[in-house]
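Colleague: I have a structure I would like to understand better, so I am pasting it below and will then ask my questions one at a time.
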Amino acid sequence: MKYNINFDLELVQNQFQGKYYALEGIDGSGKSTQVEKLAKFFQKENKKVLLTKEPTEGEIGQLIKRVVTKEIKLPATALQYLFSADRAVHLQDVVIPALKEGKIVISDRSLWSAVAYGITDLNLQENEKERLLIAYNVLAMYGGYLVPDKTFVIDVPFKIAMERVKERKKEITIYENEDKLSKVQKEYEWMTQKFNEILVIVDGTQSIENVFSQITSNL
Ligand code: ADP
């Protein structure tokens, strides 16, 4: 059964005193490296900084971790709702209070991860028509959520990212295999083109310093 529904998705812009930046990209793209560098950059300017990440370490975030590390199995849609719930709590308890205090909030991942990973998990046939529909379905889970003032998507070929992740020897998640990582990376590229007014693409194959200056020149 198909229904045609047209609607405008209301994503809330930051009206608070502080600034909200997010870093996006596949695992191994260099997000946490750049998040740390950005924090130091703003601290040197005597700005108050809050460094944070999604999924969180809270109750829902811990549940997400158990799913992505394959300890428990959930339908892909259920996982997406968990991410959405985790973000709602994160915004309410952490991000918005910090923005109200005038802090610079720098987040490792944001709701945009949900679009790229959500399409990867839900668009199994890689059907172009389905892709947009799934993107809207995922975004609909974020109606009324605050969006970062600027989101930097670090673009790195998945093979380079895989090499970096291997060296890290961290817990392997459901997303850290070649097939998944290459698909997520493709979805990030698609999403960045589709939402190019809000997403800033950064060439992550460059040196750490060079990636950083691409970000700071767009702040
Ligand atoms: P993410 O947070 O996106 O998973 P990390 O920042 O943890 O990625 O980076 C993964 C690994 O790659 C780390 O060992 C980091 O030092 C390294 N790295 C990050 N950025 C670069 C870069 N531009 N060039 C080379 N190595 C990098």
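Colleague: Given 31/70; 73/194; 31/150; 150/194, which pairs have Cα atoms separated by over 26 Å?
Modeller: Checking Cα-Cα distances, 73/194 exceed 26 Å.
Colleague: Still on this structure, I have one more. Taking the Cα centre of the chain as the origin and placing charges on Cβ (Lys, Arg +1; Asp, Glu -1), which of 114, 160, 192 is farthest toward the positive end of the dipole?
Modeller: The residue sitting farthest along the positive end of the dipole is 160.
Colleague: Report in % the part of the accessible area of the chain that belongs to carbon and sulfur, leaving out ligands and nucleic acids; probe 1.4 Å.
Modeller: It is 50 percent, rounded to a whole number.
Colleague: Sorting 107, 182 by accessible area (1.4 Å probe), largest first, what list results?
Modeller: So the residues, ranked largest to smallest area, are 182, 107.
Colleague: Contact order normalised by length for the chain, with contacts defined as Cα pairs under 8 Å and 6 or more residues apart; what percent is it?
Modeller: 32
Colleague: Ordered by residue, what ³J(HN,Hα) values in Hz, to whole numbers, does region 55-70 give under the Karplus form 6.51 cos²θ - 1.76 cosθ + 1.60, where θ = phi - 60° and Gly and Pro are x?
Modeller: Listing the rounded values in order: x, 7, 8, x, 3, 6, x, 5, 5, 4, 4, 5, 6, 6, 8, 6 Hz.
Colleague: Suppose accessible area is computed on protein heavy atoms with a 1.4 Å probe; arrange 162, 191 from highest to lowest.
Modeller: 162, 191
Colleague: Per residue, how much accessible surface does the chain expose to a 1.4 Å probe? Answer in Å², no decimals.
Modeller: Dividing the accessible area of the chain by its residue count gives 55 Å².
Colleague: Using the Cα centre of region 24-165 as the reference point, and only Cβ charges (+1 on K/R, -1 on D/E), how large is the resulting charge dipole? Debye, rounded to the nearest 20.
Modeller: 380
Colleague: Between 185, 62, 34, find the one with the highest GNM mean-square fluctuation for the chain; connect C-alpha pairs within less than 10 Å.
Modeller: 62
Colleague: Can you give the accessible area of residue 146, probe radius 1.4 Å, in Å² rounded to 10?
Modeller: 10
Colleague: Kindly report, to the nearest 10 Å², the accessible surface of residue 41 as traced by a 1.4 Å probe over protein heavy atoms only.
Modeller: About 60 Å², rounded to the nearest 10.
Colleague: Length gain on complete extension for the stretch residue 137 to residue 73, per 0.36 nm per residue less the alpha carbon to alpha carbon distance?
Modeller: 20.9 nm
The values are calculated or read from the model by the stated rules, or taken from the named source; none is laboratory data. Not measured: the values here are computed from a predicted model. Quick reminder, even Gly has a Cβ in these numbers, built from the backbone with ideal geometry, and neighbours come from all protein chains shown. Quick note on the areas: whole protein, heavy atoms, side chains included, nothing else; ligands and nucleic acids left out. Shrake-Rupley method; radii C 1.70, N 1.55, O 1.52, S 1.80 Å.
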